[in-house]
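What follows is one structure encoded as structure tokens, with my remarks underneath.
Nothing in this text is a laboratory measurement; each read-out follows from the coordinates by a stated rule. Keep in mind that what you see is a predicted model, and the values were worked out from it rather than measured. Glycine also receives a Cβ, built like all others from the backbone with ideal geometry; neighbour counts cover every protein chain displayed.
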Amino acid sequence: MTAQGVRPLLTQAHAILSRMEHHRLRKYRGPETWARVREAYVAGESAPSVARRFDVGLSNLRRRAMAEGWTRSCIAEQLDLKPAAGALAAPPVLAPLALLATEPEPPWVDPDLATGRALRRVTWLVSEGRAAEARALAKAVEAMNRMWVADSFRREMRRR
């Protein structure tokens with residue numbers, strides 16, 4: 001075959017492949033998928049993370065969030081609680097410490113048991129797509145462990 005005969009075959013093959021790539025780039029996702037995308041995004045997961053997890057385009061996710069009103073700023077506006085007419089302008093103050101002293105002592109809970117339960121809940125929250133709640137709980141567990149270690153260290157130092 002001559003060089004002139006091969007060139008049209010390559011051009012035809014290139015045209016077919018380019019048409020196939022064009023259709024391969026489109027991602028059609030059903031309403032169930034978009035409902036799960038919205039749920040994960042509203043729960044606090046980042047847009048790039050949600051887009052990767054559900055295999056949707058990042059710009060499509062942001063465009064749909066803007067069109068349907070579930071962007072972070074729209075949700076913040078919806079959640080912004082306004083005081084009722086005639087209500088106090090300032091938020092109520094926390095109870096004085098003297099009132100807290102009259103409360104009964106809470107029951108003792110083993111910190112290792114509490115940490116284990118909390119970490120299992122963190123795992124479950126992540127599996128449910130509730131990343132923001134999981135992160136907040138994980139931070140609380142870390143803080144609790146730091147306080148427990150500091151308290152144990154203090155008690156050990158007092159014994160010496």
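For the pair ALA43 and ASP112, what calculated FRET efficiency results from E = 1/(1 + (r/R0)^6), where r is the Cβ-Cβ distance and R0 = 25 Å, to the nearest 0.05?
0.30
Would you kindly compute the Cα radius of gyration of region 109-160 and its largest Cα-Cα separation (Dmax), both in Å?
13.9, 48
Could you tell me the calculated FRET efficiency between SER73 and ARG120, based on Cβ-Cβ distance and R0 = 30 angstrom, to the nearest 0.05?
Efficiency at R0 = 30 Å is approximately 0.35.
Separation between the GLU156 and ARG53 pseudo-spin-labels, each 7 Å from Cα along Cα→Cβ, expressed in nm?
Between GLU156 and ARG53, the label points sit 3.8 nm apart.
Calculate, in nm to one decimal, what GLU128 and ARG29 gain on full extension: separation in residues at 0.36 nm each, minus their alpha carbon distance.
Fully extending the segment from GLU128 to ARG29 adds 33.7 nm.
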